[in-house]
Amino acid sequence: MFSLIGQLLLLLSFVMLWPTALYNETIKSRAFLVHYVALMLSLLTLIIALAYNDTSILYITQHSHDKLPISYRIAALYGGHNGSLLLFICSLSTWCYCCKYYVKATLYKQYSYVVSGLMILLVIFNNPFETISFIQSSQGLNPLLQDAGMMIHPPILYLGYVATILPFLISLSVSEYKVMHINLMRIVLKYSILILTIGIVLGSWWAYRVLGWGGYWGWDPVENASLLPWIMQITLYHAVISKHTIWIRRLSIMGFLITILSTMLVRGGMIASVHSFAVNSKVFLGFLSYLAILVIYSGYHYFTLAQKTQVTIKPMWLQHMISLVLIGILTLSIILPILSETILGMPIILEASFFKKLIMPLTMLMFYGMTTYLKKDRMSYIFAILTTIIYAFFTYDWASAILIGAGVGVLTTYFQINTWNLSHTSFVLMVFCMVLNAHQSYHIDAVLKINDSYSEEGVNISLLNIKDNITDNYVEKQAMIKINNTILYPSIRYFPLNDTATAKVDMQLNSYYEWYVVMGSQLEDGYWSIQVYKQYWLRWIWLFAITTALGFFTRRTN
Amino acid sequence: MNRQHRRKITSIVYLSFGLMLAAYLLLDAISDGMHLYQSPSELVNTSAGNVYIGGKVLEGSVHHKETQYQFSITDGDNTVPVIYKGTLPVMFKEGKDTVIRGEMVSGTVKAYQVLAKHDEYYQVEE
């Protein structure tokens, strides 16, 4: 029954796109309203069906299970491709719905064109309401996704991802930006940057706690893909506050294309990760053709509209160039391994050092750019050089030392003029925390029996006890480990439903460092391998990332 | 040579200097951080150098002594022995895919990083 209701609502919502594109203003806005409500109701139907665990729907059989608690059953909404595409479209329309009063005249036509493509993909290739055609055992949700972070990370990230739809639609439909458009873009962007930052931080927090490799950022293709819209939106924000209309148009069109590209790369099943769902190549080709049509369509509009614009203001060249180079590097880093796998048969691996070596000089340029609009005096240069020398003296790492020095230069300049740009300041501090984290953090491997202990670098690790816990969903072996004077309880969980084991880490937080313990596998003769990490400044990185985004809400003085 | 010429020349010098620096940084990053995976069959005849192997862990080949592990990687045709000191990831299993970074020393790979490839990543089979 849920399947039928859901399908009908989706269909209604799709059909309503037609009058949204064609008729007069009143009909347009009513049709849009019906479209939006039907879409949201179909999402609600899927959520209710998931909560009731309606196993006649294929998607639910594949991604949920009646043994799961209700919160994870609902989280299965974005545990697979079809449901997450529906959520993607819903969050996209939600942005448009929220702003419909401001951009009434311009929005609807382009909106219906853009969204109809996505809806076709949803209904034809990825219908989440497809009924089951043969009996299949329930597969349940990926154990790695059974986590509190998973409950909120995907919807928040999606909401942040798709906000570029508004600047995109505005740029496609108006030949000249009005003050209203510029203001709307600024407001939308500051909210979406905050949402996106929270989403990325949540993802990083989830990976840190759940994947158990002891780091906050792995330069994984999926993580890089989530950075693309983030960089794009920040760049667009700078173009918007500089009011350079040509760059606003360029960047807002690129912004949405990049969003679709990164969604396609992440969700299209080309990158094997926790985010891709082994979808068939039809889905990928569908997305690819949608993107191709979108590129041609928006390219045509760009060239017809851009000819009419004239500006006399200087654009923020440096900011835009750094961002475009960053986006180029990150996009290539996602695409190259896929290409080399299809052409050479073996994928290229890009290590963290590749990204670090490219991004550190770009960050230095960014730091330079953060002071170009201010008057610099000799003091800031002296401070920068002094810090560089002192830092290099202690660590022998010149690249990091120059980065730290440049950051100190920025902060001294702000101090001298007493204009603290919250975003810039927090960004500099975030980079400091990242560099310090990379230098100070370390880890220790130990192999221990019960009541054994092991010492390295002044850290004493002892395994006190191992306990068995059994729940509906998993079987757990929980260790009691003493590090110096604190006791931690990491565990291994085995999920019989999925035949997968995951490591549940335990952490001991302190003001600027934390202990992080992962239990490894059991070795044959009663030994357990245990990894202990000491991470510095990690929570501060996340905190400063959030304050960077919050800085977009502060009123600018100059 | 007037002022305009001089300005043009300095900007060209700066630009080419910047481009050279950028090219150097790019090449340096690529040579350091970009590698091609190899399969055990491609490595049978190499005896030295850094390696990045992807393959399956041979069934019944995993042994350990304290924190030192010994196992073999196979791609069906050939196998390569691996020595690793450290903790193996939880998802590391015999018969499953793995990725090894290490150094080839007289026919044996001394690994410094072992990853369980896509194993923690669960996929719904259709």
Margin query: Can you report the number of residues in the range A:305-324 which are of a type in the set (A, V, I, L, M), crowded, with 17+ Cβ neighbours inside 10 Å and under 20 Å from A:Tyr237 (Cβ atoms)?
Written below: 2
Item checked: Qualifying position, being outside the structural domain of A:Asp220 (by TED's automatic domain parsing), without any contact (Cβ under 8 Å) to a residue 12 or more places away in the chain, on the phi < 0 side of the Ramachandran plot and among the β-branched types (Val, Ile, Thr), among A:Ile402, A:Ile450, A:Ile390 -> A:Ile390
Margin query: Is it the case, given these coordinates, that A:Val123 is closer than 30 Å to A:Leu422 by Cβ, touching a helix residue (DSSP H, G or I) at 6+ places or on another chain (Cβ under 8 Å) and either outside any helix (DSSP H, G or I) or not small (Gly, Ala, Ser) (or both)?
Written below: no
Margin query: Scan the range A:482-490 and tell me whether some residue there is touching a Leu at 6+ places or on another chain (Cβ under 7 Å), more than 20 Å from A:Trp206 (Cα to Cα) and at pLDDT 90 or above.
Written below: yes
Check: Of (1) at pLDDT below 75; (2) under 22 Å from A:Ile193 (Cβ atoms), A:Leu145 satisfies all except one. Which?
Finding: (2)
Next item on the list: For B:Gly95, indicate whether it is at positive phi and more than 10 Å from chain A (Cβ to nearest Cβ).
Entry: yes
Next item on the list: Would you be able to tell me the number of residues in the range B:49-68 that are in a strand (DSSP E or B), of a type outside the set (Val, Ile, Thr) and in contact (Cβ under 8 Å) with a residue 24 or more places away in the chain?
Entry: 6
Margin query: I need a count of the residues in the range A:201-218 that are touching a Leu at 6+ places or on another chain (Cβ under 7 Å) and modelled with pLDDT of 85 or more.
Written below: 2
Check: Of these, A:Met232, A:Met185, which one is farther than 26 Å from A:Gly80 by Cβ, surrounded by 22 or more Cβ atoms within 10 Å (Cβ to Cβ) and in contact with a Pro (Cβ under 6 Å, 6 or more places away or on another chain)?
Finding: A:Met185
Check: Does A:His35 satisfy the condition of being over 30 Å from A:His301 (Cβ atoms) and out of contact with any Cys (no Cβ under 9 Å at 6 or more places or on another chain)?
Finding: no
Check: How many residues does the range B:14-59 contain that are at the interface with chain A (Cβ under 8 Å from one of its Cβ atoms), farther than 18 Å from B:Gln113 by Cβ and of a type in the set (Asp, Glu)?
Finding: 1
Next item on the list: Would you be able to say whether some residue in the range A:29-40 is part of a loop (DSSP other than H, G, I, E, B) and either modelled with pLDDT of 85 or more or crowded, with 16+ Cβ neighbours inside 10 Å (or both)?
Entry: no
Notebook entry, point to check: Taking the range A:329-339 as the region of interest, how many residues are away from every other protein chain (no Cβ under 11 Å) and out of contact with any Pro (no Cβ under 6 Å at 6 or more places or on another chain)?
Noted result: 5
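If you check A:Tyr536, A:Tyr513, A:Tyr494, A:Tyr489, which single one turns out to be among the aromatic types (Phe, Trp, Tyr) and within 14 Å of chain B (Cβ to nearest Cβ)?
A:Tyr494
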Next item on the list: Inspect the range A:37-60 for any residue being in the same structural domain as A:Val114 (by TED's automatic domain parsing), within 24 Å of A:Val114 (Cα to Cα), without any contact (Cβ under 8 Å) to a residue 40 or more places away in the chain and of a type in the set (Ser, Thr, Tyr) and give the result as yes or no.
Entry: no
Next item on the list: Sort out which residues of the range A:340-360 are of a type in the set (D, E, K, R), at the interface with chain B (Cβ under 7 Å from one of its Cβ atoms) and under 17 Å from A:Glu223 (Cα atoms), and write them in order of number.
Entry: A:Glu351
Margin query: For the range A:30-58, which positions are in contact with a Phe, Trp or Tyr (Cβ under 7 Å, 6 or more places away or on another chain) and among the small types (Gly, Ala, Ser)?
Written below: A:Ala49
Note to self: Between A:Ile60, A:Ile47, A:Ile5, A:Ile74, which is in contact with an Asp or Glu (Cβ under 7 Å, 6 or more places away or on another chain) and part of a helix (DSSP H, G or I)?
What the structure shows: A:Ile60
Next item on the list: Can you tell me which residue among B:Ser11, B:Ser31 is farther than 26 Å from A:Ile334 by Cβ, part of a helix (DSSP H, G or I) and out of contact with any strand residue (DSSP E or B) (no Cβ under 8 Å at 6 or more places or on another chain)?
Entry: B:Ser11
Note to self: Out of A:Leu362, A:Leu332, A:Leu358, I need the residue that is surrounded by 19 or more Cβ atoms within 10 Å (Cβ to Cβ) and under 14 Å from B:Ala29 (Cβ atoms). Which one?
What the structure shows: A:Leu358
Margin query: I need a count of the residues in the range B:60-92 that are surrounded by fewer than 19 Cβ atoms within 10 Å (Cβ to Cβ), more than 9 Å from chain A (Cβ to nearest Cβ) and farther than 25 Å from B:His35 by Cα.
Written below: 5
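The values are calculated or read from the model by the stated rules, or taken from the named source; none is laboratory data. Remember, predicted model here, so these are calculated numbers, not experimental data. Because the Cβ atoms are built from the backbone with ideal geometry, glycine has one as well, and the counts that use them run over all protein chains shown.
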